[in-house]
Each structure stands twice: as C-alpha cells, then as structure tokens.
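Q: Below you will find the structure I want to go over with you.
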Amino acid sequence: MVKTADKSTWKANYFLKLTQLLDEYPKCFIVGADNVGSKQMQEIRIALRGQAVVLMGKNTMMRKAIRGHLEKNADLERLLPYIKMNVGFVFTNEELITVRDMLLANKVKAPAKAGALAPLNVTVPAQNTGMGPEKTSFFQALSIPTKITKGTIEIINDVDLITAGERVGMSEATLLNMLKISPFTYGLVVQKVYDSGSVFDPEILDITDDDLKAKFMAGVANVAALSLAISYPTIASVPHSVANGMKNLLAVAAVTDITFKEAEMVKEFLADPSKFASAAPAAAAAAAPAAAAAKAPEPEEEEEEDDDMGFGLFD
C-alpha cells in the first residue's frame, strides 16, 4: 500500500509539474535522448540551468498530462503525434537558437557498439595499426587492404566501414575498439520545435532574413516573368512593362520625325555619332596630365666625384 501510494503521489506531482511548465513556457523542444546516460543528462541540466528546463518521462504519462490540459490550451494537441520513442521536453523563454546551440554543444564521444544504429558514416583512415601480423585475417574478413610494415599491419587506403542508418556489426565494433576510434557522439537531439502553438522542424531556426529576402525576390521575379509572358499587368511586372514601352517609343522616334524629351539625345546621337565619340578622347586627354603629375619623379643620378688626392693619372 505504501509503494502504491508513493507511486500515485509521484505521478500526481509529475502531472502537476508538466502542466505548470506548459503554462509557464510558451516555447519548448521535443528532444530525442537515445544513448544519453544519466551523467551526461546531469551535465546537460547544469549547462542549461537558468535558461531552460529539461523534463523527461514516460510517453504515456506525458500524453495523459497534455490531454488533460487541452481545455486550457488546445494548441498543445499538436505535440501529441511527436511524443513517441525515447523523447523528452526542453522548456525555455530564451531565444530558441541559443538554447538549441547549447544542446548541440553538450555531446560526448562514444565507441561503436554492436547492434546500435549508426548516426553517421564511419571511415577508417589509412594508418599503421601497430598490430602484429597475426591479425591479418581479421582485416581480410572485413575486406580492408593492408600490408606488413616493420612487423606491423598498415591499412593502405581509407575504408568506408559503416553507413549511416545501418546497424553496427560485431566485427566493425571490434575493429573500431581495437583502433581506439570513438566515431559517434551522443546528446539530446532536437526533433521538433514548439512555439506558441506552432510545431516545426529545427532546420527552420537556421533561416535568416537574407534567406527570406532571397526567396521573396525570386518569387517576385517569377510573377513578373509570368505576367509579362501572358500580358497580364501586376505590381511586379508594371516597371518592366513601362521600361519595354519606353524602348519601343525610342525605337519609333529614331526612325520617324516624332520627337519628345527622352528621344532628343537618341536623335542627336544618330545625327552625329562623332560628337559623342569625341567625348571619350577628351576625357582621356584631361586625365593624362593628372596621371603624369601623380607619377613619382625619377631620382636624379648623383655625379661621381673624382677624388684623385691631388695626383694626376701619370704622376
């Protein structure tokens, strides 16, 4: 009875804590905690102290607490589809990018374990392993090219040993441990971001104002091109239509007697192109004296003094 009462009290306290955090913090991360040990979790909590709160728990309890809180905040229902596998919450009132970077910074290296899913590709670099020739068969079983150098096994070329998403085999794990290679890093992995009722991927946090501007301008360019192609005026295409219309008016004025202010220079150029051609040599001639003045004067040669000490050549 005591254990049951303690368990019920603990569940009630957990539900209360989760609902309080959901009310207090409008932003949170859903993080994966695979391969994160208790010591590393403690270090993460210490690093985030004062800026974020980490809360882990059973998925069923988290779902139950959120469902019971939907009357106050219906937007929390959007979190339910992502509460699966080994996940938890990181609540914060700080900038999401800042807290995300802190989570990414708290990672530890770990050796490859047989049966674990590889989070990234693993390549064994060419190196002298320091192992004796008796281990040659082990490398041959993994199709790793080797040679014997000064009584030790040397890997000739870089070898792609493990592919991301595949399970680590016993032989691969043994080899990496023999070479003292810890290829993986583990920590809390941000899976989804919740901000004031919206749930989105963490990659959205990396979008800058310049990215938004570039996307918007690309869309404007597409709208202008489509509008010009179908002769449908829009705000995006009107400047181009006006410019094209002006080009057509200048072309008509150039071959007829029609004139207007903007066409006068065109007509003047067509009447006497040499007038405009002479402007370039004149500008170059005006720039020549300035360039000559800016050029540093050459140093004068010093006359050598013939110090004959009072004696002639034939004295």
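Results for (1) closer than 13 Å to Phe15 by Cα; (2) in a loop (DSSP other than H, G, I, E, B); (3) open to solvent by less than 70 Å² (accessible area, probe 1.4 Å); (4) at pLDDT below 90, shown as yes or no for each residue.
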site	(1), (2), (3), (4)
Val31	no, no, yes, no
Ile46	no, no, no, no
Leu55	yes, no, yes, no
Arg63	yes, no, yes, no
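Q: Where residues in the range 188-206 are on the phi < 0 side of the Ramachandran plot and assigned to a loop (DSSP other than H, G, I, E, B), which of them is least open to solvent (accessible area, probe 1.4 Å)?
A: The extreme case among them is Leu188.
Q: Moving on to the next point. Is it true that some residue in the range 93-105 is of a type in the set (S, T, N, Q), touching a helix residue (DSSP H, G or I) at 6+ places or on another chain (Cβ under 9 Å), part of a loop (DSSP other than H, G, I, E, B) and farther than 27 Å from Pro183 by Cβ?
A: The answer is yes; a qualifying residue exists.
Q: May I pose another question? Restricting to the range 207-219, and then to whatever is at pLDDT below 90 and either open to solvent by less than 90 Å² (accessible area, probe 1.4 Å) or touching a Ser or Thr at 6+ places or on another chain (Cβ under 8 Å) (or both), can you tell me which residue is nearest to Leu22 (Cα to Cα)?
A: Looking at the filtered set, the residue picked out is Ile207.
Here's the yes/no breakdown for (1) outside any strand (DSSP E or B); (2) out of contact with any Cys (no Cβ under 7 Å at 6 or more places or on another chain); (3) touching a residue at least 40 places away in the same chain (Cβ under 8 Å):
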| site | (1), (2), (3) |
| --- | --- |
| Ala112 | yes, yes, yes |
| Pro119 | yes, yes, yes |
| Met131 | yes, yes, yes |
| Thr136 | yes, yes, no |
| Ser143 | yes, yes, no |
| Glu154 | no, yes, no |
| Gly165 | yes, yes, yes |
| Ser171 | yes, yes, no |
| Asn177 | yes, yes, yes |
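The values are calculated or read from the model by the stated rules, or taken from the named source; none is laboratory data. These figures come from a predicted structure and were not determined experimentally. Counting neighbours? That spans all protein chains shown, and the Cβs are built from the backbone with ideal geometry, glycine included. Heads up: the accessible areas ignore ligands, DNA and RNA and are worked out on the full protein's heavy atoms, side chains in. Shrake-Rupley method; radii C 1.70, N 1.55, O 1.52, S 1.80 Å.
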